[in-house]
Amino acid sequence: MVLWQRLRTHASHLVPLCSRLATTRSSSSIHRIINGNTGLHYYYNSRSRNGMSADQLVGIFQQMHSAAGTQSVVPPSEDVQRSAPLPEPGTWPRLFHQLNFDNTFARQLPGDGIEANYTRQVRGVCYSNAVPTPSTNPRLVHANAGAAALLDLNPSELATPEFVDVVSGCALHSTAKPIALTYAGNNANCVNVPVMPQQLTAIPLRPGHQFGSFAGQLGDGRAISLGEVVNHHGERWEMQLKGAGMTPYSRFADGRAVLRSSIREYMCSEAMNALGVPTSRALSLVVTDEKVVRETVEPGAIVCRLAQSWIRFGSFEHQFYFKQPKVLKRLVDYTITHHFPSYLETAMPGASDEDRYLAFYREVARRTAHTIALWQAVGFVGGVLNTDNFSILGLSIGTVVGRVRPVAPTNKHSVPKTMPFWATPPLAHCAWLADSFLTDYGPFAFMEAFDDDAVFNHTDSEGMYAYGRQPDVGHWNLSRLAIALSPVLEVERAREVLLEYPSMFHKAYVAKMRSKLGLLAALPDKDESDAALVKELLDAMQSQPGTTSGADWTIFFRTLSEAAPSLSATDEASQQQIEADSNLKLATTRARKALECMFQDEKVSSKWSAWRQKYTARLAEDSTAVREHSKLGGGLLLPGLSSSLDASSTALAIGLARRDVMKQHNPKYILRTWMAQKAIDAATANDFTVVDQLFKLLQRPYDDQPEFDDVYARQDTATGPVCLSCSS
């Protein structure tokens, strides 16, 4: 009956083929017609595993042909196209039915083996079987050709009924193995208390511990992984449906997602990718007629998303806290084999297993530090930074996405800041400059006015996930991972990595902020002073109660980029050149005036003036270093710097090159909350043109796109600050 309903859904598309099948009796002809058409090939393969023969399939199509009558909506060329010989295995781009799911996770790790889909507690397994629940009247409203390319998938396939069926949860690909992953989680509810690496050995190795609360079994409550697709580069991409129905880990929930949260995740993951931040990807957005109850009744939606793996810190915690050391070791070995091959036994001859596990843990910490620096650089503020939302690969992953609440955020919190353990030289001067790490796309936001205490989760009244506290959360979660790995990696050895983490973060963060400030020569002896320069800038940018201060994070750095030629032109000849170029003069003058306007409040104007003087002096010093290092082949210069620079380059020439580099690191467009809300409001009214427009804008965040400036380049002050809930 389910198959009959699904076939009737696409009857109009398959009428010509039904007619041919209805009059065909030759077995070889039947198979030729089936294999020559994506739709028939798909349906036949998906059912043949359950014992359906080609003749039975023909019988169904004969019935469908009679029911459909003489209606014909498929162009003749469609049948001809589908009847063409299939590409050789391994060629690309591929048709959708040619995707071959490898499913190593389900094949090499233990599952509970239960086919029935009911909520339950599991032990000693890494996943449970979970088949998507068909949705009502699914419609594809957006698909991402860039993400499809990761699968070697022909973009034309994104509009086919077969594709829509699978990404809406209404049918399974013939080689898919749908599962829901098992994991646990910790809430860092005492993150204001520093976690000392030397204290790790004293932390109780049981559920519930000193510096946070153990949340127990969680798992994919509304996400269903279909399997892993290997592309022609050898990259492994796991397809996952979010909002496709209940799983064994749904607990008391419905396994669905609402349109509001799905749009935010779809947009944010692609915005982060375009910004250069490691992230999961979004392949498609489907809206359904499901009515999903959250604070109100909202339309349902499903996002098909991609990641090289959905393994999280919490995946290891589940095995540790429920005393499954053998499964834990299998999971670690699997993760290294498929995602960290540099630490395989063959790649590290003579190394012990524990040496390899230590190298693996160190690489996870390095990726953590790297992603923290990138999130900080784009002003991203996460909302739920639990261990179940931290990707083992260092990806930003989507789990919960929030609702805009008509309340102002609480930006000043009662919990006093405590400097983290690593706030000692060289990090004391920038201990609170880092942004959030591998959290979910939950009640997230990109900061507008800079605020070190910014929180966008309306339930976070204590500010545990405030912008300035997120570095501590990242370290705390790494300490939880160290505990979870303790059966295979001694805690004392993990402490070595936790002590290295400060320098990992410091190196990545300072390098990124140098790029944003246009410091072109990466001079190691300037690490301390450059980090101090950043801290002084953020002190000037900090929002102050009762004032108009608080420079917009994104607009400030983009404007500073435009002003770079003028700020760099410290000599009279360069200044005269700017005066002679009317366009350059206009652009730099406007930028400098805009910067002054951002800091006109008397409480911060003096800080800004003092910082600007130091910055101008640092630019002059940097220009000298650029000339010197150009003679040495430019080994210490930033990538992308003009090769025309040399020892004789003028201050203006360097300033122009500086502007171009800065614009590659300072985006003009980010996903502001009010932008996303406009797309959500339009989509709720069944208008998805705004979704498409915003999606296109966010694909090129560093480029000037004047056609969008009237809509997106300036802050929409009408909406004001917002907080978000975790409901999705």
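Let's see if you can work this out: charge +1 on each Lys and Arg Cβ, -1 on each Asp and Glu Cβ, no other charges. What is the dipole magnitude of region 528-667 about its Cα centre, in debye to the nearest 20?
Working: 16 positive and 18 negative charges, 47 e Å.
Value, rounded to 20: 220 debye.
Please compute the modelled spin-label separation between R590 and H339, points set 7 Å along Cα→Cβ, answer in nm with one decimal.
A separation of 4.5 nm, rounded to one decimal place.
Per residue, how much space in cubic angstrom lies within the convex hull of the C-alpha atoms of region 528-667?
Numbers: hull volume 15.4 nm³, N = 140.
About 110 Å³ per residue, rounded to a whole number.
Taking the solvent-accessible surface of protein heavy atoms with a 1.4 Å probe, what is the per residue accessible area of region 528-667 in Å²? Don't skip to the end; give the middle numbers.
On the way: 6490 Å² over 140 residues.
Heavy-atom SASA per residue in region 528-667 reads 46 Å².
At 7 Å along Cα-to-Cβ for each site, give me the label-to-label distance between D539 and A647 in nm.
4.0
Could you look at region 553-671 and say what percent of its accessible area is carbon and sulfur, using a 1.4 Å probe and all protein chains?
Details: 2860 of 5630 Å².
Of all accessible area on region 553-671, carbon and sulfur atoms account for 51 percent.
Hey, with R₀ at 56 Å, roughly what FRET efficiency would R120 and T616 work out to, going by the Cβ-Cβ distance, to 0.05? Mind showing how you got there, number by number?
Working: r = 64 Å, r/R0 = 1.15.
Using R0 = 56 Å, I get an efficiency of 0.30.
For region 484-534, which whole-number percentage of the solvent-accessible area (1.4 Å probe, protein heavy atoms only) is attributable to carbon and sulfur atoms?
Working: 990 of 1740 Å².
Carbon plus sulfur share of accessible area: 57 percent.
Carbon and sulfur together cover what percent of the accessible area of region 214-364 at a 1.4 Å probe radius? Show your work: numbers first, answer last.
On the way: 2470 of 4570 Å².
C and S fraction of accessible area: 54 percent.
Say each of A532 and D704 gets a label point 7 Å from the Cα, pointing the same way as Cα to Cβ; how far apart are those two points in nm?
Each label point is offset 7 Å from its Cα along the Cβ direction, giving 3.7 nm.
The values are calculated or read from the model by the stated rules, or taken from the named source; none is laboratory data. Note that the structure is a prediction, hence the values are computed from the model and not measured. All Cβ positions, glycine included, derive from the backbone under ideal geometry; neighbour counts span all protein chains shown. With ligands, DNA and RNA removed, areas are computed over all heavy atoms of the protein, side chains included. Shrake-Rupley method; radii C 1.70, N 1.55, O 1.52, S 1.80 Å.
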